[in-house]
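Each remark here refers to the structure printed beneath this line.
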Amino acid sequence: MISARILTLRYGRRAVLEGLDFVAKPGALTAIVGPNGSGKTTLLKALTGEVPCEGDVSVEGLDIATTPAWQLAGTRAVLPQSTPMAFPFQAIEVVRLGLGRSVSNDTSLPHQALERVGLGGYEARFYQELSGGEQQRVQLARVLCQVWTPVLEGTPRWLLLDEPVSSLDIGHQLQVMEIARDYADAGGGVIAVMHDLNLSAMFADEVALMKDGTIVVQGSPDEVLSDDNLSFAYGCTVRTRSAPVDKGWFFLPQGSSAPRL
Amino acid sequence: MAVAEQGTAVPVDRRTRARQMHGVLLVVLLAACITSLATGASGTSLWAALWAQVQGQQISLTEAVVLWEIRAPRTALAVCVGAALAVSGAVMQGLFRNPLADPGLLGVSAGAGLGALVAIVIGGALPLGLAAALGDALLPVMAFVGAWVSMTILYAIATRSGRTSVATMLLAGIALGALTGAVSGLLVFHADDLQLRELTFWSLGSLSGSSWEKVLIAGPLILVATWVTTTLAHGLNGLALGEASAHHIGIPVQRTKNIAILAVSAATGAAVAVSGGIGFVGIVVPHLLRLATGPDHHGLLINSALLGASMLLLADIVARFVVAPAELPIGIVTAVLGAPFFLWILLRRRTGVDL
């Protein structure tokens, strides 16, 4: 379980997170949604310990403020929105960085991870020559490599993904969400910051809707992604309709409430 | 078609190539050492001397002095300094996540130089009886302190929230270099005649004053610093992802940074203390090796030490050879070869493939 209690984070005087409580359970995919600047990415950074903040955050019982980096790294892996790299690394070399020091370098895990994200055969390609979406998938392979088994010795492991699909085409969006879904189904935990409400509704077990540094409502997609909640959080009219095929919903934004000049 | 072939090509493991490179570069270094011992203005032949030794004959005193008191320490010092500069460059580039970082370019050598100046000009006035306590080690120790202060300030300015801005890094380096230059100027202004003589000899930036004493001062420091940096390889690889991601994959980021800054300061400080400022080795050597075997620091750091030592030896041989029996300051040789190379790197950056 990942839990955060009374998180507060200020940049100067402005509170980015305000007394926020958040819990995510393993075996489920938790999506964090909300408008720009609502604190989604900051919440994720607080959960990874990247930004120091008031309050307690724990990952599977480990206090992230006091647990050494190597121990946290065995429990959770983090995918940033984008990862520019300094030197001409090959794709396979980037993925190998997820292995850590202890794992034998001769393992075939990096190759499997690249296959998993649909980049088999890209091993020797230079990271900087790949498109933004391909780079993002190489990084996902690195992250998968780090916590390959969703449950290790009875303890669930975690994927924390910051907008994992924002630079991907629709086919690869589905592929990446399916990887996250499978990870959760196998007993691991997934927290994903999402912009796409449709994908959130399709894949998430739990949705946390944020606005102004707090979680407005958290629960199943059915409860959270209602016309009223979305209209309130995003400040525009949103109509929720059931999808024409299969289960699920789609969301149609209809006119913003921002004043027109 | 070519693209399709590239996509399915069997991946080349550059780690293997980097390991094979250790052996090749070691042979190159040995060859460079022998060449350095065998060449010089006096015309003394290494082979004749060795042959004489084998046959049990005595070689002349002049020959013995030329070989073992002039050429041998000079060769050893070139190896130490070249290795130190190249490894410092490689570690700084890893730390700043930028292939243009270099102790000479970013004012770290200038900081070490200021430390050395302080030792020469006002060393006696330092508190705690430092001068008396350290003796001959005062100059290298002060050079190390100067390099360390520069490195720490540079990193604090150039790196914000775990990412380094190239522009800030270069500008901060230039400003830091100018500031240390100005303070150094003030010290020179206040120096007396005897100190000025010492200063001039030191700042010539050459290996011409090599002695076994200098090798003993710089050698151990450089060896230890180089060995320490090889333990940082994994951390420096992780830092290529940025500080936050490095932490997420389990790297003790703060400790890695601290050790890297200390190691670079020690190696640069020792090199500057015994040879003045020699530029461009720290940029050229790691860059060439990255082209050949990739940016993985596991092989890169050791290969940098080996190739840096060979390159500086060759530059020194050129410096001794071109205007013999006089000799060029080695800094001129490395600049003439290194500066165009540096410009070439900058030009290549435009071609899309980033460094």
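Side notes on the structure shown:
- Where labels lie 7 Å past Cα in the beta-carbon direction, separation of B:A48 and A:K25 in nm: 9.1 nm
- Spacing of the two label points (7 Å from each Cα toward its C-beta) at A:V151 and A:Y11, in nm: 4.0 nm
- Charge-dipole axis of the stretch B:74-349 as Lys and Arg at +1 and Asp and Glu at -1 on Cβ define it, positive-most pick from B:A175, B:A273, B:Q195: B:A175
- Relative contact order (percent, whole number), the stretch A:72-198, Cα cutoff 8 Å, 6+ residue spacing: 32 percent
- Dividing the mean sequence gap of close Cα pairs (under 8 Å, 6+ apart) by how many residues the stretch B:210-299 holds gives a relative contact order of 40 percent.
- Of all the options B:G173, B:G113, B:G238, the one that moves most in a Gaussian network model of chain B with Cα springs shorter than 10 angstrom is B:G238.
- Taking every DSSP beta bridge that has both ends in the protein assembly as shown, the antiparallel portion is near 65%.
- Charge sum, other residues only, whose C-beta stays under 13 Å from A:Q136's C-beta, Lys/Arg counted +1 and Asp/Glu -1: -2
- Note on A:73-86: average number of Cβ atoms from other chains within 10 Å of each residue's Cβ is 4.
- Taking a straight line from the alpha carbon of A:K40, these aspartates and glutamates sit under 17 Å away, with near neighbours fewer than eight places off in the same chain left out: A:E18, A:D21, A:E50, A:E54, A:D162, A:E163, A:D196, A:E206, A:D212.
- Remark: mean inter-chain Cβ contacts per residue of A:88-96 equal 5, using a 10 Å Cβ-Cβ cutoff to other protein chain atoms.
- Cβ-to-Cβ counts within 10 Å put B:D102, A:D205, A:D162, A:D227 in ascending order as A:D227, A:D205, A:D162, B:D102, the fewest first.
- Extension gain (nm, one decimal) between B:A156 and B:I345, 0.36 nm per residue minus Cα-Cα: 65.4 nm
- Relative protection proxy for B:266-278, A:52-64, A:109-121, B:68-80, from highest mean packing down: B:266-278, B:68-80, A:109-121, A:52-64 (other beta-carbon atoms within 10 angstrom).
- Check: chain A dipole with +1 on Lys, Arg Cβ and -1 on Asp, Glu Cβ, in debye: 520 debye
- Rounded FRET efficiency, nearest 0.05, which uses the C-beta distance separating B:A178 from A:W70 and R0 of 51 Å: 0.80
- Neighbour-count ranking [beta-carbon atoms within 10 angstrom, fewest first] of B:R197, B:R348: B:R197, B:R348
- Check: the stretch B:74-349 dipole with +1 on Lys, Arg Cβ and -1 on Asp, Glu Cβ, in debye: 760 debye
- Among the residues of B:246-257, the average count of other protein chain beta-carbon atoms within 10 Å of the residue beta-carbon is 5.
- Applying the criteria of a DSSP loop state and at most 14 other Cβ atoms within 10 Å to the trypsin sites (Lys or Arg not before Pro) of the stretch A:1-49 yields A:R13.
- Cross-link partners of B:K214 among lysines, defined as those whose alpha carbon lies under 30 angstrom from its own and excluding same-chain residues fewer than eight positions apart: B:K257.
- Estimated 222 nm signal from helices in the protein assembly as shown, with DSSP H stretches of n ≥ 4 weighted -39500 (n - 2.57), rounded to 500: -17500 deg cm²/dmol
- Along the axis of the charge dipole computed for chain B (Cβ charges of +1 for Lys and Arg, -1 for Asp and Glu, origin at the Cα centre), the listed residues B:G56, B:I120, B:G331 are led at the positive end by B:G331.
- Rounded, prolate or oblate (a/c below 1.5 giving rounded, otherwise prolate when a/b exceeds b/c) for the stretch B:176-235 by Cα gyration tensor: oblate
- Rounded if a/c under 1.5, otherwise prolate or oblate - chain B, Cα gyration tensor axes: oblate
- Estimated distance in nm for a label pair at B:A326 and A:D227, the labels positioned 7 Å out from Cα along Cα-to-Cβ: 9.2 nm
- For the pair A:F250 and B:E213, a Förster radius of 60 Å applied to the C-beta separation gives a FRET efficiency near 0.15, rounded to the nearest 0.05.
- By other beta-carbon atoms within 10 Å, ranking B:V149, B:V91, B:V141 with the fewest at the front produces B:V149, B:V141, B:V91.
- On the beta carbon distance between B:Q58 and B:L26, with R0 = 35 Å, the FRET formula returns roughly 0.60.
- Over the stretch B:74-349, Cα pairs under 8 Å with separation of 6+ residues give a relative contact order of 34 percent.
- Within the stretch A:83-146: Cβ-based charge dipole about Cα centre, in debye rounded to nearest 20 (Lys, Arg +1; Asp, Glu -1): 180 debye
Just so you know, all these numbers are worked out from the coordinates, no wet-lab data involved. As the structure is a prediction and not an experimental result, all values here were calculated from the model. Quick reminder, even Gly has a Cβ in these numbers, built from the backbone with ideal geometry, and neighbours come from all protein chains shown.
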